[in-house]
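Everything below concerns the one structure shown next.
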Amino acid sequence: MTVLVLGDQLNASVGPLADRPDDRVLLIESMGLARKLPYHPHKLTLVFSAMAHFRDRLRESGRAVEYRQVERFADGIKAHLDAHPGDELVVMRPPSYRAGERLRELVTDHGGRLTVVENELFLCSPEQFDDWAGDRSSYRHEEFYRFMRHQTGYLMDGSEPVGGEYNYDEENRQTPPEDYEPPEPPVFEPDETTRDVQSWVAETFDGAYDEPPYGGGWADPGPFRWPVTHEQALSVLESFVTDRLAQFGPYQDAMVADEWALHHSLLSPAINLGLLHPRTAIERVIEAYRERGVPLNSVEGFVRQVLGWREFTRHVYRREMPELAGANQLGQTEPLPPFFWTGETDMACLADVIDGVRARGYSHHIERLMLLSNFATLLGVEPQQLNRWFHAAYVDAYHWVTTPNVVGMGTFGSDTLSTKPYVSSANYVDKMGDYCSDCPYYKTKTTGEGACPFNALYWDFLERNAEHLADNHRMGLVYNHLENKDEGEREAIRERAEALRERAQRMEL
Ligand SMILES: Cc1cc2nc3c(=O)[nH]c(=O)nc-3n(C[C@H](O)[C@H](O)[C@H](O)COP(=O)(O)OP(=O)(O)OC[C@H]3O[C@@H](n4cnc5c(N)ncnc54)[C@H](O)[C@@H]3O)c2cc1C
Ligand code: SF4
C-alpha cells in the first residue's frame, strides 16, 4: 500500500499520511508541469523546494519515501507501478477539476488501484457545502460564512457571534497615515535544497520567455523569500500574529506605493501547499484575540478570509466547473496587454503592483481585485487570458483558486459569486491608495491627453455593458451618472477608450 502525496498536500498530520503511518509514501516531481505555463520562478522554487523538504522530513521520521523526478506525472505513476506491480494507492482528493478522476484512470491504466479520499486540508467537506447550497448555482459568500461560523463555533458565543456582529467590514476601510512604516515581512534564506531547485529553475527559465508578449523578460525575481517547511510557515504565522494582525483589519483594503505586504498575513503560499493547516492559522489568531486582546475587527477580518472566502471559492469551483473556467457573460474579447508581463507602463499604480509581482510573485487582495482585475475588466480583456496570467504569475496560484477569483469576482465573467462587477474609476484607487500624486496621469481628468485611463475606460465599460448591467439595482446610481452625461461627452469617452485600448496593446500607456 502506498500513500500518494501531491505537491499541494504537504502535511503529515492529516489524511492517509497520518492514518497509515507504516505505509510507503510516493511523491512525484514532474518537470513537464513546470513548463506548462510561464510560472514565476519563485512559484516553481517554492513548490519543488517544499516537496523536497517534505520528503527529507518524512524520511528523517523513519518513513519509506519514493521520490520520482520525471518529465511527465504519468511517467512517475508508471515507474512506481513497474516497481510495485498491482500496488494499491490512496490519495486525498485534489481540488482541481477532474484531477481525482484523471489520477484514478492513470493508476488503473498501469495496473494499480487508487482510492481517492476526502481532502482534509480544507475545513468544509463537499457534503457539508452541498447540504448548505442545495441546488443553487448562484452563491453568496456572507450566507456561507455565517453557516461556517455556526458549523465550527469559531468566534461564536453559543448561537450568537462574538461581539454581536458577524462582520466588521465597516471598520476595515482605513488608509495609513503619511509617516506609516509597516512591519518588515519575514524572509527565509534559501538553504542548500532550495538553492539546488533555484539552479534548475533558472536553467528552465533562461531564454524561455524572451519573445512577445513576455518580451523585455517576464519576471524579475528578487531574492527568494517564501516559507518552504512547516516550521517556516509557523514562523510566518507567529510574525503575523505578533507584528501585523492588530492592524490587519483597518488596513486590509489600503494600497501604499512601494509597500507590498502592509499588514497582510502572507500565508496563502504556505496554506495552499499544505505546509500550514487553515485550522492552525484560524485558531492561533482567535487565541491572540482571547489572550492578548487583539482587536476583534482584525481577528474577524482574517477568520472571514480563511474560513469564508477560501472554502467558498474551492466549493463554488468544484460545483461550477467546467463552465466557470470558460465563462464570459459580458463577451469581453481584448487580449491581455503585454505590460502585465513586462511592467512597462506609466500608470503609477499598475507599474508598482506589476513590478512587485515580477519581483516576488505576490500582491495583496485589493491590488489583485481593484487594480489588476479592475483595469483588465474595464479594458475588455477576455477573462480566460487574465486567469492564465494570475495562474502563472503568483506564488499562491492554483486553478481552483484563481478561477473563481478571476473569472467570478475579478472580471464578472460569471455571476455565480457576485451580483455586480468590482469596477471603479481612479476615484477608488485614489481613495484607498497613494499612487496618484506621483503619476503622470491626472486622476480627475476623464478625456484628453494625460487623463487617467481608468476614468474613460470606466464610463465606456458601463456604456458598453448597459444591456447587461443597467437594470442591476446595485448599479442604479452609476447609471444615473452616466445618463447625465451629454452625447458629446459620451462620444469623447468612447474615442478616448478606443485609443487607450490600442495604446495598451502597443505598450504606450
Ligand atoms: C483576481 C484575484 C486573484 C486571486 N488569486 C489567488 C490565488 O491564486 N491564490 C490564493 O490563495 N488567493 C488568491 N486570491 C485571494 C487573495 O487575494 C489572496 O488569498 C491573498 O491576497 C493572499 O495574501 P495573504 O496570504 O497575505 O492574504 P490575507 O489578506 O492575509 O488573507 C488571509 C488568507 O485568506 C485567504 N483568502 C483571502 N481571500 C481569499 C479569496 N478571495 N480566495 C481564496 N482565499 C482567500 C488566503 O488563504 C489568505 O492567505 C485572489 C484574489 C483575486 C481578487
Ligand atoms: S492617476 Fe490613474 S493611473 Fe495614475 S495612479 Fe492614479 S489611478 Fe493609477
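Just so it is clear, none of the values below were taken in a lab; they were calculated from the coordinates. Just so it is clear, the model here is predicted, and its values are computed rather than measured. Methodologically, a virtual Cβ is constructed for each residue, glycine included, from the backbone with ideal geometry; neighbour enumeration extends over all protein chains shown.
Once fully extended, how much extra length lies between Tyr442 and Arg290, figured as 0.36 nm per residue of separation less the alpha-carbon to alpha-carbon distance?
Details: separation 152, 0.36 × 152 = 54.72 nm, distance 4.67 nm.
Full extension of this stretch gives 50.1 nm more.
What is the extension gain from Glu495 to Glu181, computed as 0.36 nm multiplied by their sequence separation minus the C-alpha to C-alpha distance, in nm to one decimal? Kindly include the intermediate steps, with their values, before the conclusion.
Details: separation 314, 0.36 × 314 = 113.04 nm, distance 4.18 nm.
Full-extension gain reported as 108.9 nm.
Proximity of backbone amide H atoms, modeled 1.01 Å from N, is registered between Val117 and Val91, Met92, Arg93 at under 5 Å, excluding neighbours fewer than 5 places apart on the same chain.
For the chain, the percent of C-alpha pairs falling in each 20 Å distance bin, counted from 0 to the bin holding the largest distance, reads 21, 56, 22, 1.
Between the listed residues Gly32, Val70, Gly111, the Cα displaced farthest toward the positive end of the dipole of the stretch 2-117, a dipole computed from Cβ unit charges relative to the Cα centre, is found at Gly32. Bridging of Lys485 to lysines at a Cα separation below 21 Å is possible for Lys443, Lys445, once same-chain residues fewer than 8 apart are set aside. In this structure, Asp220 and Arg57 have a Cβ-Cβ separation that, at R0 = 45 Å, corresponds to a calculated FRET efficiency of about 0.90.
3J(HN,Hα) couplings calculated from phi for the stretch 72-89 with the Karplus curve 6.51 cos²θ - 1.76 cosθ + 1.60 (θ = phi - 60°) are, in sequence order, 10, 3, 4, 5, x, 5, 4, 4, 5, 6, 5, 6, 9, x, x, 4, 9, 10 Hz; Gly and Pro show x. Taking packing as the residue-averaged number of other Cβ atoms within 10 angstrom, the listed peptides 131-144, 43-56 run from highest to lowest as 43-56, 131-144.
Mind checking the full-extension length gain between Thr242 and Val117? Use 0.36 nm per residue of separation minus the Cα-Cα distance, one decimal, nm. It would help to have the intermediate numbers written out before the result.
On the way: separation 125, 0.36 × 125 = 45.00 nm, distance 3.63 nm.
Length gained, Thr242 through Val117: 41.4 nm.
Modelled spin-label separation between Ala208 and Asp131, with each label point placed 7 Å from Cα along the Cα-to-Cβ direction: 4.4 nm.
I'd like the FRET efficiency for Arg173 and Ala79, computed as 1/(1 + (r/R0)^6) with the beta carbon distance as r and R0 of 56 Å, rounded to 0.05.
Working from the Cβ atoms, E equals 0.55.
Taking the highest mean first, how do the peptides 231-241, 167-177, 434-444 order by number of other beta carbon atoms within 10 angstrom per residue?
Numbers: 231-241: 19.0, 167-177: 14.6, 434-444: 16.3.
Result, highest mean first: 231-241, 434-444, 167-177.
Working ranking of peptides 471-481, 486-496 by packing, defined as the average number of other Cβ atoms within 10 Å per residue, highest first, is 486-496, 471-481. By the count of neighbouring beta-carbon atoms within 10 Å, fewest first, Asp19, Asp8 end up ordered Asp19, Asp8.
Bridge orientation summary for the chain: considering DSSP beta bridges with both residues in this region, about 15 percent are antiparallel.
Normalised by the number of residues in the stretch 2-117, what is the relative contact order in percent for Cα pairs under 8 Å and 6+ residues apart? Walk me through the numbers on the way to the answer.
Numbers: 164 pairs, mean separation 35.0, N = 116.
With pairs under 8 Å counted, the relative contact order is 30 percent.
If you average the alpha carbon positions of the stretch 216-237 and of the stretch 1-54, how far apart do those two centres end up, in angstrom? The two parts, judged by their Cα centres, are 17 Å apart. When every Cα-Cα distance of the stretch 339-505 is counted in 5 angstrom steps from zero, the calculated P(r) takes the values 1, 9, 17, 22, 21, 16, 9, 3, 1, 0 percent.
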